[in-house]
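The structure under discussion appears below in the form of structure tokens.
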Amino acid sequence: MIEGKTTLNSGVYFYLFLIGVIFLSIYQFITPISYLPITIPFENLMFKLGLLGIYISTISLGILMLSFKEKVAKVIGLILTLSLFLSLIPQYNISYWWEFVEVFTFISGSALCIEALLKSKRWVLLPILTIVEFGEIEGIVENFFHTYIDTSFLALLAILIIFGATLLFYRWKPRRLLGSFLVGLPGILLYLPLYFIVIKNRFMETIFAMVFPAVYGISLNNPFNVPLMILLYAVALFLSLALGYHIDVYTGLGFYMIISTVFLGLTGFHLFLYMVFPLIGFYFMNVKGKISPTVKDYITSMRNSIRR
């Protein structure tokens, strides 16, 4: 298992990244819905928070990766940090050098994931890595050759959930498992109102059949699968919270990073962050140990500084 070691300063960037991911999730969800005839409370504020989440996530994850001991991770972190300024370059996303960056990120990120898996020996995560790699390859193929592989993305999402749940039961600790269920319960409750809306209202079901593919990058061959998709994402969010409590925060966050962005690369990586997220998310799922300083660590550090 990879031992996650970090300094107090890198711990600050980890917490910033965690906040950025939450805000980024708001952006992913609010932006597509804002084009529909639906009233969203505090829509303008939520959109701005979501946009802020993109910058916070990108900068904090980039700096956090620069603190990793792997040289490949440092290079990806540098590219990710600099990617914020790519929009200043006219038509950068159709240039040959950008295609090189995409291929380099895919190959180096995949090598980082494989190395992490070999060290952690969490072989139950191998199917999750396979889906992450499929999403990366599919995105590159579509971007380079403009071809699309017809795939049941709901089936892939279900596989992610099955093996995420398997990891939850990887080590049998009944009391902690019960606590993880309670922690993960809000994840399901968050989606349930939306589920009941679409099963009772055919118009809303049709609306969200258009919205959800834009939010998660999943194409639905059958629009009547929208309720099933909502339930799957409810379980996925439940697992993200439960894994964060049952194993460690990195595992839960890494799983959420995967399930929320692994299919978004299919649009041709219009946002470089969506290409990096699944790869680093899988890396996080293989980290063990203290991943970020706690409040107690900060207090202890301050006391030691005063004593000196």
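The values are calculated or read from the model by the stated rules, or taken from the named source; none is laboratory data. In this text, all values refer to a predicted model and were calculated from it rather than measured experimentally. Counting neighbours? That spans all protein chains shown, and the Cβs are built from the backbone with ideal geometry, glycine included. Surface accessibility is based on the protein's heavy atoms, side chains included, excluding ligands, DNA and RNA. Shrake-Rupley method; radii C 1.70, N 1.55, O 1.52, S 1.80 Å.
The residues in segment 117-148 that are open to solvent by 70 Å² or more (accessible area, probe 1.4 Å), part of a loop (DSSP other than H, G, I, E, B) and farther than 19 Å from E102 by Cα can be counted, and the count is 1.
If you filter segment 195-220 down to residues that are of a type in the set (V, I, T) and within 20 Å of V262 (Cβ to Cβ), you find that the one that is surrounded by the most Cβ atoms within 10 Å (Cβ to Cβ) is I218. Looking at F106, F68, can you tell me which residue is within 16 Å of G281 (Cα to Cα) and not in a helix (DSSP H, G or I)? It is F68. Just one of the listed residues (Y250, Y195, Y245) is touching a strand residue (DSSP E or B) at 6+ places or on another chain (Cβ under 9 Å) and either assigned to a helix (DSSP H, G or I) or polar (S, T, N, Q) (or both), namely Y250.
Mind listing whichever residues of segment 149-189 are closer than 29 Å to F100 by Cα and open to solvent by 70 Å² or more (accessible area, probe 1.4 Å)? Passing the criteria: I149, D150.
Could you check segment 78-102 and list, in sequence order, the residues that are among the aliphatic types (A, V, I, L, M), modelled with pLDDT of 85 or more and open to solvent by less than 50 Å² (accessible area, probe 1.4 Å)? Before you say what the answer is, go through the steps one by one.
Kept after step one, since they are among the aliphatic types (A, V, I, L, M), are these residues of segment 78-102: 78-80, 82, 84, 86, 88-89, 94, 101.
The next check asks that each one be modelled with pLDDT of 85 or more; those that pass are 78-80, 82, 101.
Residues satisfying the conditions are I79, L80, V101.
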